[in-house]
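> The structure follows.
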Amino acid sequence: MNQYVTGTVIKDLREKSGMTQLQLAEKLGVSDKTVSKWETAKGYPDITLLEPIAKAFNISVTELISGNTVFNENVSANTLRSKFYVCPVCKNVIHTMGEAAISCHGIQLMPLEAEETDERHMILIERVEDEYYVRIDHSMTKEHYISFMAAASSDEMKVVKLYPEGGAEARFKIRGVKRIFFYCNRDGLFSIDPVKGIDDKEVGYDNVKERRELEKTADKLFG
Ligand SMILES: [Fe+2]
């Protein structure tokens, strides 16, 4: 976290807002040379200018000083736009409905970007009555484990905490679930559309069945 607003932050915000140095300068009642000085780290804006600068960018003074801005265009809650933040020191998991400026243990946390599951983080999803039974094929040692799983529908988010030496599995009510997330302490956040996850598996099985049929026919014809 910055201690005071930096030139890089001002430049970044100005460019994002599509303003020239002169346009910003006019809003603040200073010269464009002054803005240029701030941006090239040759001086700081006076403390009385912090509020006008924040106002010019439609952000709060706290965001301006921390350099961590939050843009939530649609404030209505939608869990599908959820973000997860994990503290690398204490493993604290924070779930938000949109972007937020969050710190834990003095570390400014970044929202995790979910990746598609990979071969080292295989997810196995089964429909069992009205639930998804989800299992991750992954080690659960203290050093390398899945620390939580979550299921998101548009109005609900269920987070299940997992522990080393325990099972990498969870059950979620199917109704409305659009996305399943899981977090590996070493490799980060992964997510998958559960229907796609199951269908891929079924398509995979079908392909195998079809291939066997073709092989059988080929054997009969040419074998
Ligand atoms: Fe991993």
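> Of 80, 47, 190, which is farthest along the charge dipole of the chain in the positive direction, counting Lys and Arg as +1 and Asp and Glu as -1 at C-beta?
47
> Within the accessible area of the chain, what % is carbon and sulfur when the probe is 1.4 Å and the other protein chains stay in place?
50
> What translational diffusion coefficient, in µm²/s and rounded to a whole number, does the Stokes-Einstein relation yield for the stretch 105-168 at 4 °C and a viscosity of 1.567 mPa s, taking the hydrodynamic radius as the Kirkwood radius over Cα pairs?
Once the numbers are plugged in, D ends up at 94 µm²/s.
> Return the tail of the calculated pair distribution for the stretch 25-134, meaning the percent of Cα-Cα pairs more than 18 Å apart.
68
> Ordering 187, 155 by how much accessible area each has at a 1.4 Å probe, largest first, what is the list?
My answer, sorted largest first, is 155, 187.
> Given charges of +1 on the Cβ of Lys and Arg and -1 on the Cβ of Asp and Glu, with all other atoms neutral, how large is the dipole of the chain about its Cα centre, in debye to the nearest 20?
The calculated dipole for the chain is roughly 460 debye.
> While we're looking at this one, here's another question. With every protein chain left in place, what is the accessible area per residue of the stretch 48-154 in square angstrom, probe 1.4 Å?
Result: 56 Å² per residue.
> Once every DSSP H run of n ≥ 4 in the chain is given -39500 (n - 2.57) and the sum is divided by its residues, what mean residue ellipticity at 222 nm do you get, rounded to the nearest 500 deg cm²/dmol?
Calculated mean residue ellipticity at 222 nm is -9500 deg cm²/dmol.
> Multiply the residue separation of residue 158 and residue 131 by 0.36 nm, subtract the distance between their alpha-carbon atoms, and state the gained length in nm to one decimal.
Working it through step by step, the gained length comes to 8.4 nm.
> What percent antiparallel are the DSSP beta bridges of the chain, to the nearest 5?
Within the chain, antiparallel bridges account for around 95 percent of the total.
> Can you flag which of 158/196; 142/178; 142/173; 11/91; 16/196; 11/42 are past 25 Å Cα-Cα?
Table pairs above 25 Å Cα-Cα are 142/178; 142/173; 11/91; 16/196.
> Now for a separate question. Go ahead and set up a Gaussian network model of the chain, Cα springs under 10 Å, then flag whichever of 29, 166, 98 fluctuates most.
Residue with maximal mean-square fluctuation among 29, 166, 98: 29.
> Right, here's the next one. Starting from the 7 Å offset along Cα-to-Cβ, what nm value, one decimal, do you get for the label separation of residue 174 and residue 113?
3.4
> Beyond 33 Å, what share of the Cα-Cα pairs of the chain is found? Please give it as a whole percent.
In whole percent, the share of Cα-Cα pairs in the chain beyond 33 Å is 42.
> Would you kindly work out the equivalent ellipsoid of the stretch 140-187 from its C-alpha gyration tensor and give its semi-axes, the square roots of five times the eigenvalues, largest first in whole Å?
Those come to 23, 10, 7 Å.
The values are calculated or read from the model by the stated rules, or taken from the named source; none is laboratory data. Please read all numbers here as calculations on a predicted model, not as lab measurements. Backbone-built Cβ (ideal geometry, glycine too); neighbour counts: all protein chains shown. These accessible areas exclude ligands, DNA and RNA; they are computed on the full protein's heavy atoms, side chains included. Shrake-Rupley method; radii C 1.70, N 1.55, O 1.52, S 1.80 Å.
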